[in-house]
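Step one of this worksheet: look at the structure below.
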Amino acid sequence: DTEVTQTPKHLVMGMTNKKSLKCEQHMGHRAMYWYKQKAKKPPELMFVYSYEKLSINESVPSRFSPECPNSSLLNLHLHALQPEDSALYLCASSQDPSRGGVAAFFGQGTRLTVV
Amino acid sequence: EDQVTQSPEALRLQEGESSSLNCSYTVSGLRGLFWYRQDPGKGPEFLFTLYSAGEEKEKERLKATLTKKESFLHITAPKPEDSATYLCAVHRGGSEKLVFGKGTKLTVNP
């Protein structure tokens with residue numbers, strides 16, 4: 001089973017709203033990722049959690065706040081977003097990140113629209 | 001700096017017309033090169049991992065190969081359902097990041 005589950009699939013939010021994106025995997029993977037993807041562009045890394053600790057933050061604005069409650073779950077809390085933050089948000093996971101060269105498996109994404 | 005360049009940006013084929021997609025990379029200490037398929041509005045679907053020059057992997061109509069500077073994704077007798085964007089990504093030793101190319105959008109006409 002190589003499934004990464006993301007909820008919700010679609011989200012429309014106003015610029016003053018607070019919402020959360022959720023991601024779950026049960027493959028025993030110890031690295032989890034958030035990516036942002038705009039139309040016709042490749043995925044752009046936002047955050048990496050390695051063994052439930054934040055190891056990479058790609059200078060993402062503070063209106064995006066990641067959280068890793070346990071090794072299977074990853075959340076992305078959203079607050080005071082801008083219309084330009086509208087995008088497909090992808091969660092991914094991979095095995096032991098210290099090994100390197102291991103594939104990341106992606107969820108189906110959350111299509112976020114900020115109005 | 002790690003770089004991944006995919007060509008062509010877009011490719012149109014007739015059903016049954018075989019072709020290849022290219023992924024050129026510059027990375028110090030390659031730990032893995034990955035191919036993904038992405039359908040519109042969906043997350044990337046993992047296809048292959050290649051680790052060292054000379055390695056080849058196959059899955060149905062797809063075959064991926066790797067040299068020291070580039071990887072090819074060969075598509076044999078494609079079908080319309082092979083239409084998608086194909087993404088190449090590399091993983092450098094000592095880094096937790098995947099560096100993606102911009103992708104090749106493949107359209108297979110019936």
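The values are calculated or read from the model by the stated rules, or taken from the named source; none is laboratory data. Predicted model, so just to flag it, every value in this text is computed and none were measured. Heads up, the Cβs are rebuilt from the backbone with ideal geometry, glycines too, and the neighbour counts pull from every protein chain shown. With ligands, DNA and RNA removed, areas are computed over all heavy atoms of the protein, side chains included. Shrake-Rupley method; radii C 1.70, N 1.55, O 1.52, S 1.80 Å.
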Inset, instruction - State log₁₀ I(q)/I(0) for segment B:30-87 at q = 0.18, 0.22, 0.30 Å⁻¹ as given by the Debye formula over alpha-carbon point scatterers of equal weight, solvent excluded. - result: -0.62, -0.88, -1.30
Inset, instruction - Report the far tail of the P(r) of chain B, meaning the percent of Cα-Cα pairs longer than 24 Å. - result: 19
Legend entry - Cα centroid separation, segment B:45-110 to segment A:1-43 (Å): 23
Legend entry - Cα-Cα pairs of segment B:67-110 separated by more than 15 Å (percent): 55
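Around B:LEU50, under 14 Å between beta carbons, what's the net of Lys plus Arg minus Asp minus Glu among the other residues? Spell out each step's value before the answer.
Working: positive: B:ARG31, B:LYS57, B:LYS59, B:LYS63, B:LYS68, B:LYS69; negative: B:GLU55, B:GLU56, B:GLU58, B:GLU70.
Here the charged neighbours net out to +2.
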Inset, instruction - Roll a 1.4 Å probe over the protein chains and send me the accessible area per residue for the protein assembly as shown in Å². - result: 49
Inset, instruction - Using only Cα positions of segment A:18-115, each an equal point scatterer, no hydration layer, compute I(q)/I(0) via Debye at q = 0.20, 0.25 Å⁻¹ and quote the log10 values to two decimals. - result: -0.98, -1.47
Inset, instruction - Of the listed pairs A:LYS41/B:LYS102; A:LYS40/B:LYS68; A:LYS41/B:LYS68; A:LYS38/B:LYS102; A:LYS36/B:LYS102, which have alpha-carbon separations greater than 18 Å here? - result: A:LYS40/B:LYS68; A:LYS41/B:LYS68
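When DSSP beta bridges are limited to those with both residues in chain B, what percentage is antiparallel, rounded to the nearest 5? It would help to have the intermediate numbers written out before the result.
Details: 39 of 44 bridges.
Around 90 percent antiparallel, to the nearest 5.
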Inset, instruction - Would you please report the Å³ per residue occupied by the convex hull of the alpha carbon atoms in the protein assembly as shown? - result: 119
Inset, instruction - Pop out the ³J(HN,Hα) list for segment B:5-18 in order, Karplus 6.51 cos²θ - 1.76 cosθ + 1.60 with θ = phi - 60°, rounded to Hz; leave Gly and Pro as x. - result: 10, 10, 8, x, 5, 9, 9, 10, 10, 7, 3, x, 8, 6
Legend entry - Solvent-accessible area buried by pairing A with B, both sides, nearest 100 square angstrom, 1.4 angstrom probe: 1700
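Considering Cα pairs under 8 angstrom that are at least six residues apart, work out the relative contact order of chain B and quote it in whole percent. Spell out each step's value before the answer.
Values: 280 pairs, mean separation 40.7, N = 110.
It rounds to 37 percent for chain B.
Taking trypsin sites (Lys or Arg not before Pro) that fall in a DSSP loop and have at most 14 other Cβ atoms within 10 Å as cut points, what is the longest piece of chain A between them?
Values: sites that count: A:LYS9, A:LYS38, A:LYS40, A:ARG63, A:ARG99.
Between the exposed loop sites, the longest stretch runs A:64-98.
Considering only the other residues whose Cβ falls under 10 Å of the Cβ of B:LYS63, what net charge follows from Lys and Arg at +1 and Asp and Glu at -1? Before the final figure, lay out the partial values.
Working: positive: B:LYS57, B:LYS59, B:ARG61; negative: B:GLU56, B:GLU58, B:GLU60.
Local net charge: 0.
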